[in-house]
Amino acid sequence: MSAPSQADNAQAEIDRVASTWLIRIEEDGLDQEGERDFQRWIASDPRHKSTYDAMRATWSDISGLQGLAALAPTAMAVDLPPTRQMPARWRRIAGLAVAASLIAGLLIFRVMPRDSSYRTDLAETRIVTLPDGSSVTLGARSSITVAYKAGERRVILSSGEALFDVRHDAHRPFLVDAGSSLIRDLGTKFDVNRTKGSVRVGVIEGRVQVSRTDVVATPPVTVGGGQGVQILQSTTADMTGNAAHPAPILVTPQQAAGAWRDGRLVFDNVRLADLSADVNRYYAPGVSLGSAAVGDLRVTAAFKTSEIPAFMDALDETLPVRSERTPDGGFRIVDARR
């Protein structure tokens, strides 16, 4: 697991200071000088107010706060003297400190429901901020479900493409579920593309571990920045439910993950079926393939989303296919060898 980033450390410090202010205000209130200091802290960074407000609101919602305070002698036994030796005021503060630490862990469940779904339409992109501060940039015609739990952070990519910028949490792994593929974040930023036929992962920073969930015996593969993987989806299974003829996890170079955010589509030795699936998320008339054999042809290409028609018109210059225009402005790609 990679070390916490500078941004992670900064947010952790904001959480700590917000908890301190919350305890101070709840216990004693603020005099004029304290109120001025608090307002200066709030005004110095927009993250200060949002963090404090979320912590304060969650504090108000927690039932049985006195029960949390009663946990203080046990939870803080290492740092504080036994409860019977503590003045009543400090027992109260200790209880508040424990409650505040619990609040910090509970905030993610207040910011967003445990299961939240997001989707985009044709040629649309969208940035989603996750409960832990991680972010997802959704590509066109893409769909995710966020399913966070106490022990893990899981995002299900149902279709399309998404770029994940993950905030470090050593105690709660970040997982992307993409059908028969599971991607475990080991640091920072990566792209996942899911079509009906394959899953492609590109790592921008850090590392990810990729495994197949339909094949028990297949070991996971770890790739780092500038690398990627391609996994063909299984179409048949044996009596146990495992893939009967699983394709290997293919490690590939990956230098342009996330280029679609700038309106560029980049493909490095990918199946024409996968290229067509990506194009159809940006081009309304659509591209269809005449046969499975055509879809299995491999292609390397890069073009802007505005150049899709020109690229499809010229496809027969690089592959043994014919690119036929349809009446609605779409394309049908057929095998020129037949």
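The values are calculated or read from the model by the stated rules, or taken from the named source; none is laboratory data. None of the values given here were measured: they were computed from a predicted structure. Cβ sites come from the backbone with ideal geometry, for glycine too, and all protein chains shown count toward neighbours.
Scanning the range 247-265 for residues that are in a strand (DSSP E or B) and modelled with pLDDT of 95 or more turns up 264, 265.
Among residues of the range 199-217 being β-branched (Val, Ile, Thr) and under 23 Å from residue 269 (Cα atoms), the one that is surrounded by the fewest Cβ atoms within 10 Å (Cβ to Cβ) is 204.
Where strands (runs of 3 or more DSSP E) fall wholly inside the range 96-152, the ranges with 2 or more residues that are hydrophobic (A, V, I, L, M, F, W, C) and either under 30 Å from residue 259 (Cα atoms) or at pLDDT 65 or above (or both) are 126-129, 135-138, 143-148.
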